[in-house]
Amino acid sequence: YHKRWRNPGDEAFTQIPSMIYPNIPARDEFYLYSQALIEKGDHIRLRDIRLTWELPLKAKQALGLKSCRIYSYINNIGILWRANKANIDPDHITGFPNPRSYAIGVQLDF
């Protein structure tokens, strides 16, 4: 609103139209769906990381196991790069992004 057209020549500096009275709904709707309000959605996102460590063979045999794996997992790590300057997340433009989650575990095979 504060960047709207106010004086002749402002169209060289802004794409936000002037405010007029009485309001013309078709004029506002035209601006609402115009390319001036479109942001790029290109981005590179790091979604998942899983790290696994398998117990060495001798330790598994001593415990009577066929395999023993210890793992950690992280989900929804974040955006590494985005093309828009407005800091918008293309997957969640109207709400909060999914929270980051962490998990650790052990997988045993007897």
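Odds and ends about this structure:
- In the stretch 41-61, the residues that are polar (S, T, N, Q) form no Cβ pair under 6 Å with any partner that is assigned to a loop (DSSP other than H, G, I, E, B) and at pLDDT 90 or above, whether six or more places apart or across chains.
- Residues being over 12 Å from the mean Cα position of the chain (by Cα) and on the phi > 0 side of the Ramachandran plot - total across the stretch 54-110: 1
- Extreme residue, least open to solvent (accessible area, probe 1.4 Å), among residues of the stretch 24-45 that are charged (D, E, K, R) and modelled with pLDDT of 85 or more: ARG45
- Condition check for ASP48: modelled with pLDDT of 85 or more and acidic (Asp, Glu): yes
- Any chance LYS3 is modelled with pLDDT under 85 and surrounded by fewer than 10 Cβ atoms within 10 Å (Cβ to Cβ): no
- Residue pairs whose Cβ atoms lie under 9 Å apart, separated by 6 or more positions or on different chains, with the first residue in the stretch 3-28 and free of Cβ contacts under 8 Å to residues at least 12 places away in the same chain and more than 19 Å from GLU39 (Cβ to Cβ) and the second of a type in the set (Val, Ile, Thr) and exposed (fewer than 12 other Cβ atoms within 10 Å of the Cβ), are ARG27/ILE20.
- Single residue of the stretch 80-110 satisfying the filter (of a type in the set (Val, Ile, Thr) and open to solvent by 100 Å² or more (accessible area, probe 1.4 Å)) that is modelled with the highest pLDDT: ILE104
- Residues of the stretch 31-66 satisfying the condition of being over 30 Å from ARG82 (Cβ atoms), of a type outside the set (A, V, I, L, M, F, W, C) and in a helix (DSSP H, G or I): LYS58, LYS60, GLN61
- Residue count for the stretch 67-93, restricted to those that are of a type in the set (S, T, N, Q) and in a loop (DSSP other than H, G, I, E, B): 2
The values are calculated or read from the model by the stated rules, or taken from the named source; none is laboratory data. This one's a predicted model, so the numbers in the text were calculated from it and none came from an experiment. Don't worry about glycine lacking a Cβ; one is built from the backbone with ideal geometry, like all the others, and counts go over all protein chains shown. Note: accessible area is taken over every heavy atom of the protein model, side chains too, but ligands, DNA and RNA are not part of it. Shrake-Rupley method; radii C 1.70, N 1.55, O 1.52, S 1.80 Å.
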